[in-house]
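Everything on this sheet refers to the single structure shown next.
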Amino acid sequence: LFFVGCKKDDIAEASKVRIETETIEKGWDYVKINVEYDYPVALEAVTLYISEKEDMSGAETYECKVEGNKFSVEVEGLKEGTACYYCYEYDNGCEKEKSGRKSMQTVSKPVVVTKDITSITTTSATLNGSLTNSDAANKITEKGFCWGKEKEPTIEGNHISKGSGTGTYSHSLTNLTNNTTYYVRAYVKTNFGIVYGEEKSFTTVEIVLPTVTTNAVTNIKATTATCGGYVSSDGNGTVTAR
């Protein structure tokens, strides 16, 4: 009966692992890490520890995929625009050793604001919005508005593009139905996805019967008379004949 194992003398200590290159792809709620390391042999396993706290308390752990002198890991479900701290635990098959702590931050979403709707008439309204992008990792490809008669409109329905730059922007909607409630959201498209602004609603002006008064008939003669009237309200519509 005999046992086969490893001795510390047989392999360099796990603390001697040296990272050659480390690339981190970051999004709003995820990171993808790829590492090349220098060590006499391929590691048995690598574990990523990640926490929002600098002292690494409450850290979540993720097993990395090890292939030769490389390892990689993907982490999802992080908070957007939030700093986090991380380290690696190396397992060489004989001992485990943690690396030094590092920090990184997920990407902050662009801020898109749906402003108040203005110039509301029976069949039209002006939509207003603004876009701020504080993180260069966001590549803005399109901004605009989406709208509809149902809540939470998306770009799958009625929408209009207003370019890709930041700042304020607006759009005049026409051919609307009178006395109807519409819901509006500003939106922005980026390389990471779509961000919608707060939902706003407005109701187009109702068209009602106009108010008209018939004046008294005057200057009555054998074959003529003077008559007339007064339109005191157009009923929110356009008077086409009177």
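The values are calculated or read from the model by the stated rules, or taken from the named source; none is laboratory data. What you see is a predicted model, and the numbers here were worked out from it, not measured in a lab. Glycine gets a Cβ as well: all are built from the backbone with ideal geometry, and neighbour counts include every protein chain shown. For the accessible areas, the whole protein counts, side chains as well, though only heavy atoms, and no ligand, DNA or RNA atoms are used. Shrake-Rupley method; radii C 1.70, N 1.55, O 1.52, S 1.80 Å.
Observations
- Residue-wise HN-Hα coupling along the stretch 138-155, computed from phi with Karplus coefficients 6.51, -1.76, 1.60 (Hz; x: Gly, Pro): 6, 9, 6, 9, 6, 9, x, 10, 10, 8, x, 8, 10, 5, 6, x, 10, 6
- Ordering Asn34, Thr82, Ser15 by Cα displacement along the dipole of the stretch 8-96 toward the positive end leaves Thr82 in first place; charges were set at the Cβ atoms of Lys, Arg (+1) and Asp, Glu (-1).
- For the chain, the fraction of 1.4 Å probe accessible surface lying on carbon and sulfur atoms is 45 percent.
- Solvent exposure of the chain as accessible area per residue, Å², 1.4 Å probe: 61 Å²
- In Hz, Karplus ³J(HN,Hα) per residue of the stretch 130-136 (6.51, -1.76, 1.60; θ = phi - 60°; x = Gly, Pro): 8, 9, 10, 10, 8, 10, 5
- Among the trypsin sites (Lys or Arg not before Pro) within the stretch 148-194, those in coil by DSSP and having at most 14 neighbouring Cβ atoms inside 10 Å are Lys149, Lys151.
- (i) 33, 26, 18; (ii) 73, 14, 12; (iii) 33, 30, 17, with the label sought being that of the calculated semi-axes √(5λ) of the Cα gyration tensor in Å: (ii)
- Exposed chymotrypsin sites (Phe, Trp or Tyr not before Pro) absent: longest stretch of the chain, with sites in DSSP loops and at most 10 other Cβ within 10 Å deemed exposed: 4-242
- Percent of Cα-Cα distances greater than 17 Å, calculated over the stretch 35-106: 43 percent
- Of all lysines in the structure, the ones whose alpha carbon falls short of 25 Å from that of Lys102, not counting any fewer than 8 places away in one chain, are Lys16, Lys26, Lys32, Lys53, Lys65, Lys70, Lys79.
- One quarter of the convex hull surface built on the alpha carbon atoms of the stretch 115-190 amounts to 5.1 nm², the projected area averaged over directions.
- Coupling constants for the stretch 205-216 follow from the phi torsions by the Karplus curve (6.51 cos²θ - 1.76 cosθ + 1.60, θ = phi - 60°), and in residue order they are 5, 7, 8, 10, 4, x, 10, 9, 10, 8, 6, 5 Hz; glycine and proline get x.
- Cα gyration tensor category, rounded, prolate or oblate, for the stretch 14-61 with a/c compared to 1.5: oblate
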